[in-house]
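Have a look at the structure below, then the notes.
The values are calculated or read from the model by the stated rules, or taken from the named source; none is laboratory data. Remember, it's a predicted structure, so these values are computed and weren't measured experimentally. Because the Cβ atoms are built from the backbone with ideal geometry, glycine has one as well, and the counts that use them run over all protein chains shown.
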Amino acid sequence: MKTVKLLLFFAAMLPFIAANAQQAPQTNIGSLDSGSIESQFDYINSVSNNFEEYKVVRRANLAKIRANVTDSLKVFKDQLGTLNNQLTEQKNSIDQLNGSLSTSQAELQQALDMKDSFSFLGMSIHKSTYNTMMWGIVIVLGILLLFFMYRFKRNYSVTAEIKQTLEETREEFELHRRNTLERERKLNRQLVDEMNKRKV
């Protein structure tokens, strides 16, 4: 049963196999009217006759291939000219863009410099320089404050000491004056008593 099916299958496929086997493979013969220059030279080489070790080429074929080569060279020259023009335009465009980029970078740097600096007393000062200068002034003023506080404290203590000494001196002077007055009174009394004794 299997063999019968297999035979029927091969019998059905036989006409297709025979049709494909009868078709001869087509070779690309080429011509002088189409294809690349290399295929045209291959075509001339295949259709030319041999004479000893030379190839004999028809003049018409030679003229045709010369015209084709000339046309191809002209097309290549035109393409080369177009590419050179495009290259020149692109180079000019690149130079213009580089100039524009340089200008933009200079403007950016100027903007950054202006952002990082400001005008102080008519001069353009960078912010870091201003910060350094201001902190220097604050430190100097802090040192001066500490110096004057020290001097004030020292002078205050000297003044307080002098005041205390002055007060002590006043008290001593007052005590001395009272003692002197007391002595004077005693002496005056004694003098008066003595004078009274002499009168009596």
- Task: For the range 45-62, enumerate the residues that are surrounded by 12 or more Cβ atoms within 10 Å (Cβ to Cβ) and of a type in the set (G, A, S).
- Result: S48
- First in the range 31-59 and assigned by TED's automatic domain parsing to the domain that holds L73, second anywhere and basic (K, R) and modelled with pLDDT under 85, Cβ under 7 Å, 6 or more apart: N45/K55; S48/K55
- Message: Can you pull out every residue in the range 105-126 that is part of a helix (DSSP H, G or I) and at pLDDT below 80?
- Response: D113, M114, K115
- Item | Subset of the range 117-148 [within 29 Å of the chain's Cα centre (by Cα) and loosely packed, with under 10 Cβ neighbours inside 10 Å] | S119, M123
- Message: Any residue at all in the range 74-90 that's over 24 Å from S31 (Cα atoms) and outside any helix (DSSP H, G or I)?
- Response: no
- Read through the list (1) surrounded by 10 or more Cβ atoms within 10 Å (Cβ to Cβ); (2) basic (K, R); (3) at pLDDT below 85, then give the number of the only condition that R151 fails. (3)
